[in-house]
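Engineer: Dumping the structure here so I can ask a few things about it.
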Amino acid sequence: TSKDMDEVLSYLNKNRAGSNIQYYGKAKGKNVFVLHLESFQQFMIDYKWDGQEVTPTINKYYHDQNTLSFDNFFHQVGQGKTSDAEMMLESSLYGLPSGSAMTTYGTQNTFQSAPAILDQKGYSTAAFHGDVGSFWNRNNTYKSFGYQYFFSEPYYDVKTNYKVGYGMKDKIFLKQSVKYIEQLPQPFYAKLITLTNHYPYDLDSANVSIKKTTTDDSTVDGYVQTSKYLDQSFEEFISYLKKSGLYKDSMIVMYGDHYGISNNHKKAIAQLLGKKEVTSYDLTMFQKVPFMIHMDGLKGGINHTYGGEIDVLPTLLDLLGVKNTDTVQFGNDLLSKNRNQTVAFRNGDFVSPNFTKVGNTTYDTKTGKEIKTLTAEQQKTYDQELKHVTTSLSLSDSVITGDLLRFYTPSNFTKVNKSDYNYKKSKA
Ligand code: GP9
Ligand code: MN
């Protein structure tokens, strides 16, 4: 009910981060590309194998002086995997404790998401993905998010051997997306979701350009091959953006959606990391994913703030100069000075600059050492951080399961009319 909504709002209003003077409005009016890199993990950045960098182009981009790169950024997905990442990035609402929020609530719920917010600021909006539109209920959820266009498999010319694993190969998908991108009125918000770097990391030999790793774990050893392929796809796309002039007129956001190699592969992970064994602290840090924001003229650098996918939307809106002080978003601008750096994981674990909580074990985040007994002072901080995690997750769940956004509309926002959108490809 709207009483529950009041409780959510009073909590959020107490937790909003101060504005970030240095970056606010720096990207105003720019196109926005969001590149969703399937299963791409932070440990791949600057990683070497077979005598070479696995992802040289992404590494260069990561270190570029006009790229803001976050090296303490975590995925926060649950069972919804890619769809949880999408829910967080588009709405700054968590996925659910089980299942996929997009699948279960995407069709009927009211959302106040990035595509709708930017559409109402004069942006055209489009999502691109080389899989069928029904996967993760995207074709319905995107209408609730307010995407004007959704280019899914029917929009692509899929010849034999154009697919591997879940769907279209990324190089082909990205290349064929260009004709649609070029028809989008500017400024636009365009999200492109890759696919090839997906479990179990199969790749046709013609596209392989690095040896498999030798962990003897068959669902792990192909990861460097599909990651290198993803890097090459990214390289081709970026060079297209430069040639077309879009590179200089756009803010390009790139992130890994969640882990590729799951924590069940402890032995293989230890080998990939060159460790004898890995603790649950190491496995938690292994959940870091890249998050980068590139824009010509942006003051870049490696930002060490602790954050996650829930924080992306408020960060982008501040960069775009879009007022965001009375929305229902559970994240904080990553570039704000005094922000809450406690990163909530879907299972109630968390990482902060102070503590890493994994089940009943607490580690010192800076050293990775287990803390057997907390001092009274530490306990106070720990309890505050844990309370932030459990409260955020449960309030976010009530927004989704209670469809609470029906009861509250932020200023300068008009409710989305889902029937405004139709993604069917008209028979040309
Ligand atoms: C398919 C792809 C699924 O559309 O997005 O990715 P996953 O959720 O399995 O990571
Ligand atoms: Mn995914």
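The values are calculated or read from the model by the stated rules, or taken from the named source; none is laboratory data. These numbers were taken from a predicted model, which means no experiment stands behind them. So basically every Cβ, Gly included, is an ideal-geometry build from the backbone, and we count neighbours across all protein chains shown. In case anyone asks, the SASA skips ligands and DNA or RNA and just uses the protein heavy atoms, side chains included. Shrake-Rupley method; radii C 1.70, N 1.55, O 1.52, S 1.80 Å.
Engineer: Can you spot a residue in region 241-260 that is of a type in the set (A, V, I, L, M), open to solvent by 10 Å² or more (accessible area, probe 1.4 Å) and under 21 Å from L316 (Cα atoms)?
Structural biologist: There is at least one residue in region 241-260 that is of a type in the set (A, V, I, L, M), open to solvent by 10 Å² or more (accessible area, probe 1.4 Å) and under 21 Å from L316 (Cα atoms).
Engineer: In the set I117, I172, which member is touching a helix residue (DSSP H, G or I) at 6+ places or on another chain (Cβ under 8 Å) and either away from ligand 1 (no atom under 16 Å from the Cβ) or not in a loop (DSSP other than H, G, I, E, B) (or both)?
Structural biologist: I117
Engineer: In region 87-104, which residue that is surrounded by fewer than 23 Cβ atoms within 10 Å (Cβ to Cβ) and touching a Ser or Thr at 6+ places or on another chain (Cβ under 9 Å) is nearest to K30 (Cα to Cα)?
Structural biologist: Among residues in region 87-104 that are surrounded by fewer than 23 Cβ atoms within 10 Å (Cβ to Cβ) and touching a Ser or Thr at 6+ places or on another chain (Cβ under 9 Å), the one nearest to K30 (Cα to Cα) is T103.
Engineer: Return yes or no: is I293 surrounded by 20 or more Cβ atoms within 10 Å (Cβ to Cβ), among the hydrophobic types (A, V, I, L, M, F, W, C) and within 16 Å of ligand 1 (Cβ to nearest atom)?
Structural biologist: Judged against the criteria, I293 is not a match.
Engineer: So, one more: Checking the structure you have, find out if any residue of region 149-161 is part of a loop (DSSP other than H, G, I, E, B), within 16 Å of ligand 2 (Cβ to nearest atom) and either surrounded by 23 or more Cβ atoms within 10 Å (Cβ to Cβ) or of a type in the set (S, T, Y) (or both).
Structural biologist: Within region 149-161, one or more residues are part of a loop (DSSP other than H, G, I, E, B), within 16 Å of ligand 2 (Cβ to nearest atom) and either surrounded by 23 or more Cβ atoms within 10 Å (Cβ to Cβ) or of a type in the set (S, T, Y) (or both).
Engineer: A further question on this structure: I need a count of the residues in region 13-34 that are open to solvent by less than 10 Å² (accessible area, probe 1.4 Å) and either more than 26 Å from A126 (Cβ to Cβ) or in a strand (DSSP E or B) (or both).
Structural biologist: Total meeting the criteria: 5.
Engineer: Test of understanding: among L96, L35, which residue is aliphatic (A, V, I, L, M) and more than 30 Å from L272 (Cα to Cα)?
Structural biologist: Result of the check over L96, L35: L96.
Engineer: Kindly check whether there is at least one residue in region 246-262 that is more than 30 Å from I310 (Cβ to Cβ), within 16 Å of ligand 1 (Cβ to nearest atom) and of a type outside the set (A, V, I, L, M).
Structural biologist: Scanning region 246-262 turns up no residue that is more than 30 Å from I310 (Cβ to Cβ), within 16 Å of ligand 1 (Cβ to nearest atom) and of a type outside the set (A, V, I, L, M).
Engineer: Can you name the residue in region 320-349 that is among the small types (G, A, S) and more than 18 Å from the chain's Cα centre (by Cα) and, of all such residues, is farthest from Y382 (Cα to Cα)?
Structural biologist: Residue satisfying both the conditions and the ranking: G321.
Engineer: Output yes when any residue across region 366-388 is surrounded by fewer than 14 Cβ atoms within 10 Å (Cβ to Cβ), within 30 Å of A114 (Cβ to Cβ) and at pLDDT below 95, and no when none is.
Structural biologist: no
Engineer: Do we find that F135 is surrounded by fewer than 23 Cβ atoms within 10 Å (Cβ to Cβ) and under 18 Å from the mean Cα position of the chain (by Cα) in this structure?
Structural biologist: Here the answer is yes, as F135 does meet what is asked.
Engineer: For A127, are the conditions met, namely being surrounded by 21 or more Cβ atoms within 10 Å (Cβ to Cβ), under 16 Å from the mean Cα position of the chain (by Cα), in contact (Cβ under 8 Å) with a residue 60 or more places away in the chain and within 13 Å of ligand 1 (Cβ to nearest atom)?
Structural biologist: In short, yes.
Engineer: For residues in region 199-228 being under 20 Å from A270 (Cβ atoms) and among the acidic types (D, E), which is most open to solvent (accessible area, probe 1.4 Å)?
Structural biologist: By that ranking, first place goes to D216.
Per-residue answers, yes or no, for (1) among the aromatic types (F, W, Y); (2) without any contact (Cβ under 8 Å) to a residue 40 or more places away in the chain:
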residue: N137; (1), (2): no, no
residue: N161; (1), (2): no, no
residue: L174; (1), (2): no, no
residue: Q186; (1), (2): no, no
residue: I193; (1), (2): no, no
residue: Y199; (1), (2): yes, no
residue: L203; (1), (2): no, yes
residue: S218; (1), (2): no, yes
residue: K228; (1), (2): no, no
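Engineer: Taking the condition of a type in the set (K, R) and surrounded by 15 or more Cβ atoms within 10 Å (Cβ to Cβ), does K357 pass?
Structural biologist: yes
Engineer: Within 13 Å of ligand 1 (Cβ to nearest atom) and among the acidic types (D, E): is that true of D84 in this structure?
Structural biologist: yes
Engineer: Could you give every pair whose Cβ atoms fall below 7 Å, whose first residue belongs to region 69-98 and is on the phi > 0 side of the Ramachandran plot, and whose second residue is within 16 Å of ligand 1 (Cβ to nearest atom), counting only separations of at least 6 or pairs across chains?
Structural biologist: Within 7 Å, the pairs are K81/H258.
Engineer: Here's another thing I want to ask about it. In the set Q108, Q79, which member is among the polar types (S, T, N, Q), open to solvent by 20 Å² or more (accessible area, probe 1.4 Å), within 11 Å of ligand 1 (Cβ to nearest atom) and assigned to a loop (DSSP other than H, G, I, E, B)?
Structural biologist: One residue alone meets the criteria, Q79.
Engineer: Could you say which residue among D349, D318, D364, D282 is of a type in the set (D, E) and farther than 25 Å from Y94 by Cβ?
Structural biologist: Within the list D349, D318, D364, D282, the selection yields D364.
Engineer: Next up: Hey, any hits in region 47-65 for a residue that's buried (at least 19 other Cβ atoms within 10 Å of the Cβ) and within 16 Å of ligand 2 (Cβ to nearest atom)?
Structural biologist: The answer is no, given that none of the residues of region 47-65 is buried (at least 19 other Cβ atoms within 10 Å of the Cβ) and within 16 Å of ligand 2 (Cβ to nearest atom).
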